[in-house]
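Reviewing the structure listed below.
Just so you know, all these numbers are worked out from the coordinates, no wet-lab data involved. None of these values were measured; they are calculated from a predicted model. In this analysis, Cβ positions are derived from the backbone assuming ideal geometry, glycine residues included, and neighbour counts consider all displayed protein chains.
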Amino acid sequence: MNPKSILAVGSIALDTLETPLGKRRDILGGSATFFAVAASLFAPVNLIGVVGTDFPEEGWQLLSDRGVDLSDVQRVDGKTFRWGARYSSDLNHRETLFTDLGVFENFQPKVSEKNRKADLVYLGNIQPSLQLAVCSELPPGSTIIADTMNLWIDVNREELRGVVQKSDIFLLNDEEAVQFTGQTDLEDAADSLLRAGPSTVIIKQGQNGALLATENSRRHIPVYPGAKVVDPTGAGDSFAGGLLGQLAQQTENTLEEAVIMAAATASYTVEGLGLEGLLKATQEGIQRRAGAILQRMDERAIQQGLRL
Ligand code: AMP
C-alpha cells in the first residue's frame, strides 16, 4: 500500500557551523530541510516555507531531486533565514551565534488545496506563530506532530503552549522539556506536557536516546551504538523525519518501532557536517541500524531480568 502523505513547515536555512572537526559557512540547513531529506526516504513530502532571492539553486535541486514537493515554498525578495552556531569540544553543547529570520519575518504561510488534505502534518522548529498559522489552514482532525527549540520557549512561550495543545505528538529535547515545564525529572516533564494536550510526548536526550511517553506507558529508546559523532546539527529534525516516515507506512508499525527508526535515521545525520551524513542514508541502512538498536534494547531487557 502507498505511504500516507506528509506536509511539513519549518525553516529552510543557510547555516554557518563551527565544530571541533570542521567549519562550514552558509550551507543548506534548516529544520524543514533536514526533516524533508529524512522523511522523503520513506514517504512523499510536501513543504511549506520561504526562501530569499539569495537561496542557491543547488538547495532547491537537492530537495526536488528527492521528490519533495516545493509548490508551497515561496521565493521572495530578501534574505534566506540564516543561523550560526558553535559547538563545544565534546559536541555536547552548542551556542547559537546568530539567528537572522530574514524572509521568515514577514512570512504568511499559504497551504494549497492539495496540501490541506495531507494525512500527517509536521510543524518543524520555527516561530510558534507560524506553526499556528499553518494549523489554522488545516481541516479539523489533521494529525499534528510538532517540535520546537529553546529560543521560542524564551520568547514565545504562550504561543508555544497553543502549539502543544494542538499537537497529537510533541517532540522536544531534554533541556527544553525542563525549561518549558519547570520539572527537572524528565518523567515529570513528560507528564506535565501530556496534561497540556498531546497524547504522546517524545523527549530527545542526545547521546542518551529518547523517552517515549504516553498516558499509560514510558519507554526508553537508546541511540544507535555505532555512530561517530561529527556534528549533531539537524539530528532532531531528521529524527522527526524518520518518525513521520514510519508513521506514514500503512503497516501495523507501533509507535515504539517508529521511534527506533527515528533514532536510526538521526544516527546518519550526526556522522557528517550539516546534511553530509544524512545524505548518505538509505532505507536499507536505516533499517539495519534500527535492528541494532532493537538488539540493544533486548540485551538490556535480558540484563534487567537477570538482575531481578
Ligand atoms: P537541530 O540541531 O535539530 O536543533 O536543528 C538545527 C537546524 O535548525 C539548523 O539547520 C537551523 O537552520 C535550524 N534552526 C536553528 N535555530 C532555528 C530557529 N530559531 N528557528 C528555526 N530553525 C532554526
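For the reader, a short list of remarks on this structure follows.
- Inter-centroid distance (Cα atoms) of segment 226-247 relative to segment 77-142, Å: 17 Å
- Against the empirical 2.2 N^0.38 Å (N residues), segment 116-214 has a Cα radius of gyration ratio of 1.01.
- Using C-alpha pairs below 8 Å separated by at least 6 residues, the relative contact order for the chain is 18 percent.
- The Thr184 and Asn208 beta-carbon pair, evaluated with R₀ = 22 Å, returns a calculated FRET efficiency of approximately 0.90.
- Angstrom value of the Kirkwood radius, inverse mean 1/r, which spans all Cα pairs in segment 6-307: 19.2 Å
- Positive-end residue, the chain charge dipole about Cα centroid, Cβ charges, pick of Pro222, Gly102, Gly124: Pro222
- Look at the dipole of segment 6-307 built from charges on Cβ: of Gly29, Gly141, Leu41, the Cα furthest out on the positive end belongs to Leu41.
- The Met1 and Lys110 beta-carbon pair, evaluated with R₀ = 45 Å, returns a calculated FRET efficiency of approximately 0.90.
- Think of each Lys and Arg Cβ as +1 and each Asp and Glu Cβ as -1; about the Cα centre, that makes the dipole of segment 118-181 roughly 180 debye.
- Point-charge dipole on Cβ atoms (K/R +1, D/E -1) for the chain, about Cα centre, debye to 20: 380 debye
- Label-to-label distance, Arg307 versus Glu276, with points set 7 angstrom from Cα along the beta-carbon direction: 3.8 nm.
- The calculated FRET efficiency for Asn216 paired with Leu97, based on their beta-carbon distance and R0 = 35 Å, is about 0.25.
- When peptides 53-61, 96-104, 175-183 are ranked by their average number of other Cβ atoms within 10 Å per residue, the highest-first order is 175-183, 96-104, 53-61.
- Ordering of 2-11, 287-296 by packing is 2-11, 287-296, highest average first (other Cβ atoms within 10 Å, averaged per residue).
- Placing unit charges on the Cβ atoms of the charged side chains and taking the dipole of the chain about its Cα centre, the candidate lying farthest along the positive direction among Gly209, Thr80, Val178 is Gly209.
- Segment 203-296: Cα Rg divided by the 2.2 N^0.38 Å rule of thumb: 1.00
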